[in-house]
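Below: one structure, written as structure tokens.
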Amino acid sequence: MNGVVPLESFEAELRRVIEKCLAAAPTATRHTKRLRLVSFHTDPRTLVSDVVAAQTECMRAWELDEANRAWDERRAAPVLPAAPGNLTPRSGRGGGGESAARPYEWC
């Protein structure tokens, strides 16, 4: 991430970035970081099977089920990571109009 903010805005911007990172699905984030790093040192075309395996794990992950339940119920999705069974929304995520993408469906 690259960005410049005035010194007096640094703490607020840092909090915003940290909240955004903490709201990401942990399974997808883990695979994204790993595959992105590997792609700098390996021909990405050789990583197709790794990408498919990561997508499969994402589709089976508990956070996808919870995010999609929140979407269907038109409620805020919890800020992740949270242990399965202890899912309490802490921010205004989720909801949106019919054209909005379902949370975490991209992974």
Per the filter on segment 1-26, residues among the acidic types (Asp, Glu) and either surrounded by fewer than 10 Cβ atoms within 10 Å (Cβ to Cβ) or within 13 Å of the chain's Cα centre (by Cα) (or both) are Glu8, Glu19
Cross-chain or 6+ apart pairs with Cβ under 8 Å, segment 34-54 first and at positive phi, then at pLDDT 95 or above and not in a helix (DSSP H, G or I): none
From the list Thr42, Thr88, which residue is modelled with pLDDT under 90, among the hydroxyl-bearing types (Ser, Thr, Tyr) and loosely packed, with under 13 Cβ neighbours inside 10 Å? Thr88
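The values are calculated or read from the model by the stated rules, or taken from the named source; none is laboratory data. These figures come from a predicted structure and were not determined experimentally. Heads up, the Cβs are rebuilt from the backbone with ideal geometry, glycines too, and the neighbour counts pull from every protein chain shown.
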